[in-house]
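> First the structure, then my questions, so here it is.
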Amino acid sequence: MLFLSTYQNRIDKKGRVSIPAQFRAVLAAQESPSIILYPSPINLCIEGCGMQRIMKFNQRVERFEPYSPERDAFSAMLFGDSVQLAMDTEGRVSLPAPLIEFSGLRDHVTIVGKGETFEMWEKNAFVEYMERVRRIVRDNRAQLKGDAP
């Protein structure tokens, strides 16, 4: 199962946001239904996934030489900045203040599926991001050709 579609949700006064039902179903299908959130390494947004994705990251990080600067950097960023959250009975999670600050979220959040991951964006930043990525896709769509599965 993959995280698909884009949703607009409110962030309540306690910093809670409702995770879309479709995303909750993806997480529930995994061994651990918890949600992992961390600052995106490429965008000013929060990235999220399930434990299975984090385990894949761990396998990739383990390929680096022990104590190498690259291994240290990826470990610190991917694991040190991550938070593992449980959803309440209404499918909400409390966003940690450092993640809210990093992503510039206020009272609304745009939640976008990206396959094995999803992202949480400040509304206007997401609009700008989509304009940019649509140009990239338009200019590079030929790269999608090839052997289809």
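Results for (1) touching a Ser or Thr at 6+ places or on another chain (Cβ under 8 Å); (2) over 25 Å from Lys14 (Cα atoms), shown as yes or no for each residue.
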position: Ile54; (1), (2): yes, yes
position: Pro69; (1), (2): no, yes
position: Ile100; (1), (2): no, no
position: Val112; (1), (2): yes, no
position: Asn124; (1), (2): no, no
position: Arg132; (1), (2): no, yes
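> Within the range 39-90, how many residues are in contact (Cβ under 8 Å) with a residue 60 or more places away in the chain and within 12 Å of the chain's Cα centre (by Cα)?
Residues that pass the stated criteria total 10.
> Scan the range 111-140 residue by residue and report those that are of a type in the set (Val, Ile, Thr), within 19 Å of Pro41 (Cβ to Cβ) and over 10 Å from the mean Cα position of the chain (by Cα). Full working, then the answer.
Restricting attention to the range 111-140, the residues satisfying the condition of being of a type in the set (Val, Ile, Thr) are 111-112, 117, 127, 133, 136-137.
When the remaining residues are screened for being within 19 Å of Pro41 (Cβ to Cβ), the result is 111-112, 117, 133, 136.
Val133, Ile136, listed by residue number.
> Between a first residue in the range 104-118 that is of a type in the set (Asp, Glu) and a second residue that is exposed (fewer than 14 other Cβ atoms within 10 Å of the Cβ), which pairs have beta carbons less than 7 Å apart while being 6 or more apart in sequence or on different chains?
Asp107/Arg10; Glu116/Leu2
> Turning to a different aspect of this structure: Among the residues of the range 97-128, count how many are assigned to a helix (DSSP H, G or I) and surrounded by fewer than 18 Cβ atoms within 10 Å (Cβ to Cβ).
Going residue by residue through the range 97-128, those that are assigned to a helix (DSSP H, G or I) are 97-103, 123-128.
Subsequent filtering for residues that are surrounded by fewer than 18 Cβ atoms within 10 Å (Cβ to Cβ) retains 97-98, 101-102, 123-125, 127-128.
Summing the residues that are assigned to a helix (DSSP H, G or I) and surrounded by fewer than 18 Cβ atoms within 10 Å (Cβ to Cβ) in the range 97-128 gives 9.
> Hey, another quick one. Could you list, in sequence order, the residues of the range 6-34 that are modelled with pLDDT of 90 or more, under 16 Å from Ile54 (Cβ atoms) and surrounded by fewer than 16 Cβ atoms within 10 Å (Cβ to Cβ)?
Matches in the range 6-34: Ala29 only.
> Can I ask one more? Restricting the search to the range 83-115, which residues are in contact with a helix residue (DSSP H, G or I) (Cβ under 7 Å, 6 or more places away or on another chain) and of a type in the set (S, T, N, Q)?
Thr110, the sole residue that qualifies.
The values are calculated or read from the model by the stated rules, or taken from the named source; none is laboratory data. From a predicted model like this one, the values you see are computed outputs, not experimental measurements. Here Cβ is always computed from backbone atoms with ideal geometry, including for glycine, and neighbour counts include all displayed protein chains.
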